[in-house]
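Quick notes on the structure that follows.
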Amino acid sequence: MNWTRVYDVLALAAISTATVGALRGVWTDPSERVENLPKDARNNPAAYRSHYRHVIIHGGK
Amino acid sequence: MTRTNCPSCGALVLFSSQATLATICGSCRSVVRQVGASLLVDAKVSAVVEDASPLCVGTTGRYDSRAFQLVGRLQVKHAQGGFWNEWAVVFDDGRWGWLGEAMGALTMYEPEPAGQRTPITQGFGDFIPGEVVEIGQVRFRVREAGRAIVTGGEGELPCAAGQGWSLPFVDLATHRGEAATIDFSDDTPEVYVGRVVDFEDLAFAGLRESLPADHPMARVANAACDTVNCPSCGGGLERRTGAQAESLHCPYCGAAIDLTKSPFTVFAKNDWSGSLANTTFKIGQKGQLEGVEWVVLGMLERRLPRWDIAWMETLVHNDRRGYRWLVEFQGHYTWVEHLNSVPLAKVTEVMVPAGAGREIAPLDSEGTTRRPTVDTTLTFREGGSSVVTKVAGEFYWKIKAGDTAELKDFVKPPWVMSSEESEGERSWSLGRYLHRDDVARAFGVELPGRWGTVPHQPPPQDRWLKKLWWRWLLAVSAVVLGVIVTAATSKREIVVSDSFIVPAPTDPAVLQILKSDPGSPIADAYLDSLVRWYPAFEVPSGPQALEVLVGTNLNGGWMIAHGSLYDEEKGVALDFQEDISYYAGPDWSEGSTAASVILPSVDTGKYSFRFEPIFGEHAGGDIAVTLSVSRDVPLHRWYGLAFFIVTMPLVWLVIARIAFIARRDKQEEEE
């Protein structure tokens, strides 16, 4: 087994993946997407509460 | 140049230089001496015998920026056996000197300059090996006080010497490669000084190999060998190094044949079992190391009875480089050269002399070390009394089964320097651990398995570390470049920045509701009152990474940070939460007072940021919060991951290397 060649491939793959990942903004996204919110959610607390409150406190209701 | 006729036979003889005092008639072997206008014949001398030397009369070279030519030579034989060449050298500045050639090793000597001659007050018999003698402000050590006789000669000489002339000499050397010899053949001792030189450094031209094939001295390197008939069984044996060979061991009957005098005689009978027939290397086999071709001359097995271990030593020869030993122990190989310089030795340490290891150092193309410097110090590792148990082939000294020697090994991987003491003589050699792949490649052989470690074995990981080191450096450079480029092209613009206090709930009714019914309208109203909305901002040219940084003064408490990016136009929000807690004691702490959240891929749009803190508990009461949101931040964590991936193999190799060294040293201590 040519381990230097294996290392070359590994390093190249790591750097290429890092470059593409960094440029395209790929990473684990911690956010939840909440849709169909009213347009005045800013002024209507009852219409939009945080996902945490929505899911945990209100049981998703 | 003076051409004249030999007074003895009338043949043409030459005096090509003013330094020439005598010339040897190639026809009648007379030593013709020029005294004024007269030619005198004082003695005769035999023709030189074949000795596999690559040099010949007429060879030119350079030494210390001076051109020189070999104009003649004397073959001299040591009183205790073994002989060497003293080549007469004439420099282009008219001076002369001697180039000693023994076992392939070269030493250039010149007479001390007039007016700077060192007076020698000691008699020949007063010099003791090891004693310090100062010559020309250099402190030499006596290597040997010995006697030799002239056995042959050719060409022109700066002195008159005839057959059988006695040459008492004292050889001296320094740790740094300087050499001197005191010639006691005349009433007034003469001192010659110089240094050990490498074949390649002398820029030789007109070597013997360049002579036409029909020239009497022509010889093709390593190709010529003559046949010796075993005096015991009559078997035809090949001799490859001519007169350099002093003993030859018959593979058919085990006779040890003395080649130093004719007719050849059997000086010992080896207890022959024929077991050396199955050795890794065969006599006459050729291999490429140091960039030159070596031919196997002989091999012997040595044993340390004290530890009941044995190893093989294979003697190889090259016309230009002389002799090397390939030592084989438990599938480990060491390439060894004999040292002509004297190492600086203490009880437990020895320092490599100048020039040593120069040729054997770089022979491993994938090796891990440079050549040793003159101050490289090796540490005593082991020693003991060894005995030769098996022997086959030809050797440059009279060896036989049963010969004993005291061995001492000094080690600094991959180097091992060994002293061998036998019958009052001490010789030194320097060996380098040789990777088995290089041995197999060099000689084109299948090698037996390897087991255990040897003290001078370098960590096998070094080979890979050497190969991977620059690759790692290149990869890390690429990673750093990536970080720099992404940092330079990212704006990292702060779009939200705020500091505020999250008050600890104090109303008992609210506290009760939060605990018993957190989904109640009262609880919601309380939590809604803590929500903070920030002005909308644009995310152009998405997707972009956004970073939310939340800092607190938490100390003995926790809170939850809810964040949302709200796209009012689309009615979409990206919600995230982060628990922040920090507890600490006098000598401990856990958690962190701050949190960072990366939203890696936020699409183009206009967003409002909503922040909702949930007060958990805090020993200090209210929680002070600092908040910032930055857009277009670089995702450096990708490069952190890449760095980890490219570095881990090297970390693993370094750990394995440390483990190997510990195992090797422990094994040696146990032995």
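The values are calculated or read from the model by the stated rules, or taken from the named source; none is laboratory data. Bear in mind that the values here come from a model prediction, so they are computed numbers and not experimental data. All Cβ positions, even for glycine, are placed from backbone atoms using ideal geometry, and neighbour counts span all protein chains on display. The protein model used for the area step is the full one, side chains on, heavy atoms only, and it has no ligands, DNA or RNA in it. Shrake-Rupley method; radii C 1.70, N 1.55, O 1.52, S 1.80 Å.
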Exercise for the section: Among what's in the range B:26-46 and is among the polar types (S, T, N, Q) and under 24 Å from B:Gly97 (Cα atoms), pick the residue that is modelled with the lowest pLDDT. Expected result: B:Gln34
Completion exercise
Only one of B:Gly100, B:Gly81 is open to solvent by less than 20 Å² (accessible area, probe 1.4 Å) and under 19 Å from B:Thr151 (Cα atoms), namely B:Gly100
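Criterion first (among the aliphatic types (A, V, I, L, M), within 30 Å of A:Arg24 (Cα to Cα), under 41 Å from the mean Cα position of the chain (by Cα) and more than 10 Å from chain A (Cβ to nearest Cβ)) does B:Leu481 satisfy it?
Numbers: among the aliphatic types (A, V, I, L, M): yes; within 30 Å of A:Arg24 (Cα to Cα): yes; under 41 Å from the mean Cα position of the chain (by Cα): yes; more than 10 Å from chain A (Cβ to nearest Cβ): no.
For B:Leu481, the condition - among the aliphatic types (A, V, I, L, M), within 30 Å of A:Arg24 (Cα to Cα), under 41 Å from the mean Cα position of the chain (by Cα) and more than 10 Å from chain A (Cβ to nearest Cβ) - is not met.
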Problem - Unique residue being outside any strand (DSSP E or B), surrounded by fewer than 21 Cβ atoms within 10 Å (Cβ to Cβ) and aliphatic (A, V, I, L, M) when the list is B:Val445, B:Val387 - result: B:Val445
Problem - Candidate set: the range A:29-49, residues that are facing another protein chain (nearest Cβ under 8 Å), charged (D, E, K, R) and more than 14 Å from the chain's Cα centre (by Cα); chosen: the one most open to solvent (accessible area, probe 1.4 Å) - result: A:Lys39
Fill in the blank from the handout: Residues of the range B:537-547 being more than 9 Å from chain A (Cβ to nearest Cβ) and either open to solvent by 30 Å² or more (accessible area, probe 1.4 Å) or among the small types (Gly, Ala, Ser) (or both), in sequence order, are B:Glu538, B:Pro540, B:Ser541
Handout entry: Elements of type strands (runs of 3 or more DSSP E) contained in the range B:578-671, each with 2 or more residues being within 14 Å of chain A (Cβ to nearest Cβ)
Key = B:594-602, B:605-618, B:623-631
Exercise for the section: Could you figure out which of (1) surrounded by fewer than 19 Cβ atoms within 10 Å (Cβ to Cβ); (2) part of a loop (DSSP other than H, G, I, E, B); (3) not aliphatic (A, V, I, L, M) isn't true of B:Thr453? Expected result: (1)
Practice task
Considering every residue within the range B:342-355, establish whether at least one is crowded, with 23+ Cβ neighbours inside 10 Å, farther than 24 Å from B:Glu446 by Cα, among the hydroxyl-bearing types (Ser, Thr, Tyr) and at pLDDT 70 or above.
Solution key: no
Completion exercise
Scanning the range B:112-140 for residues that are surrounded by 17 or more Cβ atoms within 10 Å (Cβ to Cβ) and assigned to a strand (DSSP E or B) gives B:Val133, B:Ile135, B:Phe140
Exercise for the section: Just give me the residues in the range B:68-81 being touching a Phe, Trp or Tyr at 6+ places or on another chain (Cβ under 7 Å) and more than 21 Å from B:Glu154 (Cα to Cα), in sequence order. Expected result: B:Gly81
Exercise for the section: Would you point out the residue of the range B:485-503, among those that are assigned to a helix (DSSP H, G or I) and within 12 Å of chain A (Cβ to nearest Cβ), that is least open to solvent (accessible area, probe 1.4 Å)? Expected result: B:Thr486
Handout entry: Residues of the range A:1-28 satisfying the condition of being open to solvent by 70 Å² or more (accessible area, probe 1.4 Å) and either not aliphatic (A, V, I, L, M) or not in a helix (DSSP H, G or I) (or both)
Key = A:Met1, A:Asn2, A:Trp3, A:Arg5, A:Thr17, A:Arg24, A:Val26, A:Trp27, A:Thr28
Practice task
State yes or no: is B:Thr23 buried (at least 18 other Cβ atoms within 10 Å of the Cβ), at pLDDT below 95, within 36 Å of the chain's Cα centre (by Cα) and part of a strand (DSSP E or B)?
Solution key: no
Exercise for the section: Within the range B:504-525, work out how many residues are away from chain A (no Cβ under 14 Å) and surrounded by 13 or more Cβ atoms within 10 Å (Cβ to Cβ). Expected result: 4
Practice task
Give the residue, chosen from B:His332, B:His317, that is farther than 23 Å from B:Pro251 by Cβ and surrounded by 20 or more Cβ atoms within 10 Å (Cβ to Cβ).
Solution key: B:His332
Fill in the blank from the handout: Scanning the range B:79-111 residue by residue, those more than 33 Å from the chain's Cα centre (by Cα), outside any loop (DSSP other than H, G, I, E, B) and aliphatic (A, V, I, L, M) turn out to be B:Ala88, B:Val89, B:Val90
Problem - Total residues in the range B:456-477, condition touching a strand residue (DSSP E or B) at 6+ places or on another chain (Cβ under 6 Å) and part of a helix (DSSP H, G or I) - result: 0
Problem - Residue satisfying condition, being of a type in the set (A, V, I, L, M, F, W, C) and closer than 20 Å to B:Gln116 by Cβ, within set B:Val150, B:Val132, B:Val142 - result: B:Val132
Exercise for the section: Filter the range A:17-28 down to residues that are at the interface with chain B (Cβ under 7 Å from one of its Cβ atoms) and hydrophobic (A, V, I, L, M, F, W, C) and give me whichever is nearest to the chain's Cα centre (by Cα). Expected result: A:Trp27
Problem - Which numbered condition B:Thr314 misses (of (1) within 25 Å of the chain's Cα centre (by Cα); (2) over 22 Å from B:Glu382 (Cβ atoms)) - result: (2)
Exercise for the section: Take B:Tyr566 and decide whether it is open to solvent by less than 30 Å² (accessible area, probe 1.4 Å), free of Cβ contacts under 8 Å to residues at least 60 places away in the same chain and within 11 Å of chain A (Cβ to nearest Cβ). Expected result: yes
Handout entry: Subset of the range B:548-559 (residues that are away from chain A (no Cβ under 11 Å), within 60 Å of the chain's Cα centre (by Cα) and within 18 Å of B:Glu612 (Cβ to Cβ))
Key = B:Leu549, B:Val550, B:Gly551, B:Thr552, B:Leu554
Practice task
Return a yes/no flag: does the range B:279-302 have any residue that is more than 23 Å from B:Asp437 (Cα to Cα) and either buried (at least 21 other Cβ atoms within 10 Å of the Cβ) or of a type in the set (Asp, Glu) (or both).
Solution key: yes
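Going through B:Val57, B:Val31 one at a time, which residue ends up being touching a residue at least 12 places away in the same chain (Cβ under 8 Å) and in a strand (DSSP E or B)?
B:Val31
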